[in-house]
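*Asks:* The structure follows.
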Amino acid sequence: MPKLKTYFNWSTGKDSALALHYLLQDKNYSIEQLLTSVNAHHNRVSMHGLRRELLQQQIKALDIPYSTIELPEQPSMTEYEAVMKKTVMGLQQQGFDYAAFGDIFLEDLKIYREQQLSAFNIKAVFPLWKKDTKYLLNKFIELGFKAILVCINANLLHESFAGRIIDKDFIKDLPDNVDACGENGEFHTFCFDGPIFKTPIQFTIGEIVYREYEAPENKEDNCFTPTQKTNMGFWFCDLLPID
């Protein structure tokens, strides 16, 4: 039986890395493309704030073909969906029938992804779905993966968490109101080593900066919860590539 031709939505973080690891071991799937959203204005990975150069080094170490979704500085939901539809249509024309994600338990997001893909007869795959997040993070460490926090929600985590390496002490230090995998957007990571990489990605830690973002006036573009309609602050740890 032929393997299912699949593209993987690669975020550059730990959940993506673990989900990809499981799929690469699954004989039912053939991962033939990685897809990453990039803020074209800043030349950085969307949400994570990771420099494009480090994404490219990751891809080289993974040795899997990739493409990017080039987004404007602050895309509206309408702009985002237009770019996504064009991208997915192109992948469908290349024969991709499956799209994989590293999501764990956000039901609304899962339903949204499935609905968007159904228009192209593409099925969504979620290797980590409904697994316990503390178990997943411990498994991530046990498998030899390494990741560093590059973005944290300043309302939930102290500045000192920016730039921390994920290890057993990190798990112990997380506040009770923060999910172990940051599934609610509490933090984002950069995975720089592990069994799926041919070589570790080399970098140095740069500046740690604080940025605030305004909640969009249009509720359709608002990714904040009902209690977070005002500005939200994030700490970013800039990582510098080593040539």
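*Asks:* Just checking, which of 137, 117 is part of a helix (DSSP H, G or I), modelled with pLDDT of 95 or more and either in contact with a Cys (Cβ under 6 Å, 6 or more places away or on another chain) or within 18 Å of residue 47 (Cα to Cα) (or both)?
*Replies:* 137
*Asks:* For the range 140-181: of the residues being of a type in the set (Gly, Ala, Ser) and in contact (Cβ under 8 Å) with a residue 40 or more places away in the chain, which is nearest to residue 234 (Cα to Cα)? Let's see the steps before the verdict.
*Replies:* Let us first name the residues in the range 140-181 that are of a type in the set (Gly, Ala, Ser), namely 144, 147, 154, 160, 162-163, 180.
Then keep just the ones that are in contact (Cβ under 8 Å) with a residue 40 or more places away in the chain; that gives 144, 147, 154, 162-163, 180.
Values: 144: 28, 147: 18, 154: 5, 162: 10, 163: 13, 180: 18 Å.
Taking the candidates together, the pick is 154.
*Asks:* Test residue 97 against the stated conditions and say whether it is over 15 Å from the mean Cα position of the chain (by Cα) and more than 21 Å from residue 188 (Cα to Cα).
*Replies:* Yes.
*Asks:* Moving on to the next point. Residues being in a loop (DSSP other than H, G, I, E, B) and open to solvent by 20 Å² or more (accessible area, probe 1.4 Å): count how many of those fall in the range 148-162.
*Replies:* 4
*Asks:* Residue check: is residue 91 open to solvent by less than 20 Å² (accessible area, probe 1.4 Å), over 19 Å from the mean Cα position of the chain (by Cα) and touching a residue at least 40 places away in the same chain (Cβ under 8 Å)?
*Replies:* The answer is yes for residue 91.
*Asks:* A follow-up question, please. Quick one: residue 78 ticks every box in (1) of a type in the set (Val, Ile, Thr); (2) open to solvent by 60 Å² or more (accessible area, probe 1.4 Å); (3) closer than 27 Å to residue 138 by Cα bar one, so which box is it?
*Replies:* (3)
*Asks:* Residues that are without any contact (Cβ under 8 Å) to a residue 24 or more places away in the chain and more than 24 Å from residue 127 (Cβ to Cβ): does the range 21-42 have at least one?
*Replies:* Looking for residues that are without any contact (Cβ under 8 Å) to a residue 24 or more places away in the chain and more than 24 Å from residue 127 (Cβ to Cβ), one finds none in the range 21-42, hence no.
*Asks:* Also, quick follow-up: Pairs under 9 Å by beta carbon, first residue closer than 18 Å to residue 16 by Cβ and free of Cβ contacts under 8 Å to residues at least 24 places away in the same chain in the range 52-76, partner of a type outside the set (D, E, K, R) and part of a strand (DSSP E or B), six or more apart or different chains?
*Replies:* 52/38; 52/45; 52/68; 56/66; 56/241
*Asks:* Let me ask something else about it. Right, residue 107: more than 29 Å from residue 2 (Cβ to Cβ) and of a type outside the set (Lys, Arg) or not? Lay out the reasoning, then the answer.
*Replies:* Details: more than 29 Å from residue 2 (Cβ to Cβ): yes; of a type outside the set (Lys, Arg): yes.
So residue 107 fits the description; yes.
*Asks:* Of the residues in the range 169-212, how many are open to solvent by 70 Å² or more (accessible area, probe 1.4 Å), touching a helix residue (DSSP H, G or I) at 6+ places or on another chain (Cβ under 9 Å) and of a type in the set (D, E, K, R)?
*Replies:* 2
*Asks:* With the condition kept exactly as written, say whether any residue in the range 99-107 is within 28 Å of residue 42 (Cβ to Cβ), in contact with a helix residue (DSSP H, G or I) (Cβ under 9 Å, 6 or more places away or on another chain), aromatic (Phe, Trp, Tyr) and buried (at least 18 other Cβ atoms within 10 Å of the Cβ).
*Replies:* yes
*Asks:* Does residue 199 qualify as being assigned to a strand (DSSP E or B) and among the polar types (S, T, N, Q)?
*Replies:* The answer is no for residue 199.
The values are calculated or read from the model by the stated rules, or taken from the named source; none is laboratory data. Bear in mind that the values here come from a model prediction, so they are computed numbers and not experimental data. Here Cβ is always computed from backbone atoms with ideal geometry, including for glycine, and neighbour counts include all displayed protein chains. For accessibility, only protein heavy atoms count, side chains too; no ligands or nucleic acids. Shrake-Rupley method; radii C 1.70, N 1.55, O 1.52, S 1.80 Å.
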